[in-house]
Amino acid sequence: GVPMCYAILTLMVANVFLPGTELLVYNRLGKLMLFACLSSLFTAFIFVPSMLCVMGPLEIVRTKKRLALYLMIVVVLAAAVFLILWGTGVVLRWPSGDPIFGYDDDLWAAFIAHTPSSSTNTSDSSGRRFII
């Protein structure tokens, strides 16, 4: 709607000078942001309304049964995404850096490999221990 138009207009006015710069990073960034603005305008005002006219609902029916069905669909899709990510072994991290799904196997293996044991440790003249 209107807020989206103003946001895109502000972004386009702010980035209109970036494609004309000599620095390649700013040049490409400006072109990318202008393309993103134009494609989002096209999607929001041409593509989505036309798809809704062709495939959208004829009438909106709001019942508790339909709400429960939509909620169940959202929960099933979220569980499917969770299981796919968990099953593939992709290491997803929280902003703190900790893995979301248990331990990071590579990090854990590196920790185990560098854990001091009595047979491989030596020390230098200052008493600091290091691993061979």
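Condition test on K31, is it open to solvent by 60 Å² or more (accessible area, probe 1.4 Å) and out of contact with any helix residue (DSSP H, G or I) (no Cβ under 7 Å at 6 or more places or on another chain)? When the stated conditions are applied, K31 does not pass them.
Candidates are the residues of segment 1-31 that are in a helix (DSSP H, G or I) and hydroxyl-bearing (S, T, Y); the one that is nearest to V48 (Cα to Cα) is Y6.
Residues checked against (1) aliphatic (A, V, I, L, M); (2) outside any loop (DSSP other than H, G, I, E, B); (3) surrounded by 10 or more Cβ atoms within 10 Å (Cβ to Cβ):
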{"site": "V54", "(1), (2), (3)": "yes, yes, no"}
{"site": "I60", "(1), (2), (3)": "yes, no, no"}
{"site": "L71", "(1), (2), (3)": "yes, yes, yes"}
{"site": "F82", "(1), (2), (3)": "no, yes, yes"}
{"site": "L85", "(1), (2), (3)": "yes, yes, yes"}
{"site": "P95", "(1), (2), (3)": "no, no, no"}
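The values are calculated or read from the model by the stated rules, or taken from the named source; none is laboratory data. These numbers come from a predicted model, not from an experiment. When we count neighbours, we look across all protein chains shown, and the Cβ atoms used for this are built from the backbone with ideal geometry, even at glycine. Remember, those area values only see protein heavy atoms, side chains included, never the ligands or the DNA or RNA. Shrake-Rupley method; radii C 1.70, N 1.55, O 1.52, S 1.80 Å.
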